[in-house]
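For reference, the structure I am asking about is given below.
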Amino acid sequence: MHIARRNAVGRVLVAVVVIVLVGLSGLAFVLYEQTSIKPSTVSLSLDFTPNPGDAPLFYGVAQGIYKQNHINLTIIPGTSVNAAIASLEAGDVNFALVAPSSVVDYVAKNNVTNIQIVAMEYARGTLVVIYNNASISTISDLNGKSGSMVSPSAGDVRGDFQLFANANGLNTSSMSIQYNPVSTSDDLLLTGKVQFIVASVQNLATVQSAGSTSGLKFGYFAMSDNGFNSAGIAIATTESMIQQNPGVVRDFVKATMQSLVSAYANQTGAVADLVSANPDLNETASLQGYQTLLSCCSMNPGNLTNPLQYGWINPQFMQQTVNNEIIADNLGITLNATTIYTNEFVQQP
């Protein structure tokens, strides 16, 4: 693990006392006493490559929010949620961005008991149906249309979409559904070969930007607002990390919640810091993606009295997320949601 461990007296260093001898009087005076705190070096694995939803993390680093909370953060790009969880479980990183539904899937299929979600980043699920306005305007219009999404072998999107369809009286047998990588799905939507795709809400900005020159317009149905309740993106660590370094976990969660709340109030600045650290990203599209994500899936922190309230994990909603994932991915298990999360490091709104 990339972490600076504490000794018996914690991270507080010995006070530095500077004594100045004043020659004329022969007296010694204490000029100042300074106490410093050594930052803990920790690593965070993203669920995917840096994207608009990660803006608050890069903003927190750039603005010194993590350093102010005694955290020296290394952000590691990811390739998938499962890979991030696997890195966490293996001890290669200290924290990871995860979808709670993916944690359920990973725990069930790998007999893992060490993963703990410690705070929410985006409260509601980010999975949406992005559609072409030319042929779709209501959920029922999805019947008989062509769509694209990632393969069931790459995740539980197909099962989630089926639950969404069931909740809205859709007949998936009437649809022509392809399984493709996200980038391929985007291309199919842009070229009119499919009328909808199932992906993260952040993809909306990507297709809108690419399709604007051709006069294409797109909308989305948030699955979490239309019958398929699911928690969004969360921060996870391990039981061993919590037991061995509870203070580091507390500092990291506090810094991240402060970053999320501060970024919400300065969305342009947050995206500017994201793009500064990741110059391959388009700043205009990234801002649109971040703002769409906030509108869709984020708690509005305006009425909160403490940033830690932003990360609160709703017990009923989390259990519902667990139950839905078990059905969507045919896991054939029962799981109490309290075994995969803790509210120890956040506060209830």
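Using only Cα atoms, tell me the angle between helix 315-328 and the longest principal axis of the chain; keep it within 0 to 90° and round to the nearest 10.
Around 40 degrees separate the two axes.
Which of the three applies to the chain, rounded, prolate or oblate, going by the alpha-carbon gyration tensor with a ≥ b ≥ c and a/c under 1.5 meaning rounded? Walk me through the numbers on the way to the answer.
Values: a/c = 2.72, a/b = 1.86, b/c = 1.46.
It comes out prolate by the Cα gyration axes.
Can you give me the long-range amide H partners of Gln116? Hydrogens built in the peptide plane at 1.01 Å from N, cutoff under 5 Å, separation of 5 or more residues or another chain.
Thr237, Thr238, Glu239
Using label points projected 7 Å from each Cα along Cα→Cβ, tell me how many nm separate Ser176 and Leu304, to one decimal.
Those two pseudo-labels are separated by 4.6 nm.
Decide, for region 289-344, between rounded, prolate and oblate: order the square roots of the alpha carbon gyration tensor eigenvalues as a ≥ b ≥ c, take rounded if a/c falls under 1.5, and otherwise choose prolate if a/b is larger than b/c, else oblate. List each step's numbers first, then the result.
Values: a/c = 3.74, a/b = 1.61, b/c = 2.32.
Oblate shape, in that a/c is at least 1.5 and b/c is the bigger or equal ratio.
With runs of 4+ DSSP H residues as the only contributors, calculate the mean residue ellipticity of the chain at 222 nm using -39,500 (n - 2.57) per run, divided by the residue total and rounded to the nearest 500.
Values: 12 runs with 128 residues, N = 349.
After summing the helix terms and dividing by the residues of the chain, the value is -11000 deg cm²/dmol.
Would you kindly work out the equivalent ellipsoid of region 117-264 from its C-alpha gyration tensor and give its semi-axes, the square roots of five times the eigenvalues, largest first in whole Å?
Numbers: eigenvalues 230, 63, 37 Å².
The answer is 34, 18, 14 Å, longest axis first.
Please compute P(r) over all alpha-carbon pairs of region 76-198, binned at 5 Å starting from zero, and give each bin as a whole-number percent.
2, 9, 18, 19, 16, 13, 11, 7, 3, 0
Sticking with this one: For region 224-269, evaluate the Debye formula with one uniform point scatterer on each Cα (no solvent term) and list log10 I(q)/I(0) at q = 0.15, 0.28 Å⁻¹, rounded to two decimals.
Debye curve over Cα of region 224-269, log10 I(q)/I(0) at q = 0.15, 0.28 Å⁻¹: -0.61, -0.96.
What residue among Phe58, Phe95, Phe221 shows peak mean-square fluctuation when the chain is described by a Gaussian network model with Cα springs under 10 Å?
Phe221
Let me ask something else. If I build a Gaussian network model for the chain, linking alpha-carbon pairs within less than 10 angstrom, which residue out of Thr213, Thr292, Thr172 has the largest mean-square fluctuation?
Among Thr213, Thr292, Thr172, the largest mean-square fluctuation in the Gaussian network model of the chain belongs to Thr213.
Could you state the per residue volume, in Å³, of the convex hull enclosing the Cα atoms of region 51-116?
Working: hull volume 6.5 nm³, N = 66.
Dividing the Cα hull volume of region 51-116 by its residues yields 98 Å³.
Taking H as built 1.01 Å from N, whose amide H comes closer than 5 Å to the amide H of Gln347, not counting residues under 5 places away?
Under 5 Å from the amide H of Gln347: Gln309, Gly311, Trp312.
Tell me, what ³J(HN,Hα) does each residue in region 248-262 have, in order and in whole Hz, if you take phi through Karplus 6.51 cos²θ - 1.76 cosθ + 1.60 with θ = phi - 60° and put x for Gly and Pro?
So the Karplus estimates, Gly and Pro as x, are 5, 4, 4, 5, 5, 4, 4, 5, 5, 5, 5, 5, 5, 5, 5 Hz.
Relative to the first principal axis of the alpha-carbon coordinates of the chain, what is the inclination of helix 81-90, with its axis defined by its Cα atoms, in degrees from 0 to 90 and to the nearest 10?
Once rounded, one gets 40 degrees.
Report the local net charge at Ala277: Lys and Arg +1, Asp and Glu -1, summed over other residues whose C-beta lies under 13 Å from its C-beta. All intermediate terms of the calculation are to be shown ahead of the outcome.
On the way: positive: none; negative: Asp54, Asp273, Asp280, Glu283.
That sum, taken over residues with Cβ under 13 Å, equals -4.
Reachable lysines from Lys193, Cα under 28 Å, same-chain residues fewer than 8 places away excluded?
Hits, sequence-local ones excluded: Lys145, Lys217.
Report the semi-axes of the equivalent ellipsoid for region 196-289 in whole Å, largest first, where each axis is √(5λ) for an eigenvalue λ of the Cα gyration tensor.
Working: eigenvalues 205, 79, 25 Å².
Semi-axis lengths for region 196-289 are 32, 20, 11 Å.
Right, here's the next one. If amide H atoms are built 1.01 Å from N in the plane of the peptide, which residues on other chains or at least 5 residues away come under 5 Å of the amide H of Glu121?
Ile233, Ala234, Ile235
Take the chain, mark every one of the trypsin sites (Lys or Arg not before Pro) that falls in a DSSP loop and has at most 14 other Cβ within 10 Å, then report the longest stretch left between them, sites excluded.
Working: sites that count: Arg5, Lys193, Lys217.
Between the exposed loop sites, the longest stretch runs 6-192.
Taking only Cα atoms, what is the 0 to 90° angle, nearest 10, from helix 267-277's long axis to the longest principal axis of the chain?
80
Related question: Given the chain, what percent of its DSSP beta bridges are antiparallel, to the nearest 5? Could you put the intermediate results ahead of the total?
Values: 29 of 44 bridges.
Of all bridge pairs located within the chain, approximately 65 percent are antiparallel.
For Ala134 and Asn166 in the same chain, what is the full-extension length gain: residue separation times 0.36 nm, less their Cα-Cα distance, in nm? Kindly include the intermediate steps, with their values, before the conclusion.
Details: separation 32, 0.36 × 32 = 11.52 nm, distance 2.44 nm.
Contour length minus Cα-Cα distance gives 9.1 nm.
Full-extension gain between Ser153 and Thr49, please, as 0.36 nm times their residue separation minus the C-alpha to C-alpha distance.
Full-extension gain reported as 35.4 nm.
Quick one: length gained pulling Ile333 to Glu283 fully straight, 0.36 nm per residue minus the C-alpha distance? Provide the component values of the computation, followed by the final result.
Numbers: separation 50, 0.36 × 50 = 18.00 nm, distance 4.34 nm.
Length gained between Ile333 and Glu283: 13.7 nm.
We did not get these values from a lab; they are worked out from the coordinates using the rules stated. In this text, all values refer to a predicted model and were calculated from it rather than measured experimentally. Note that each Cβ is placed from the backbone with ideal geometry, even for glycine, and that neighbours are counted across all protein chains shown.
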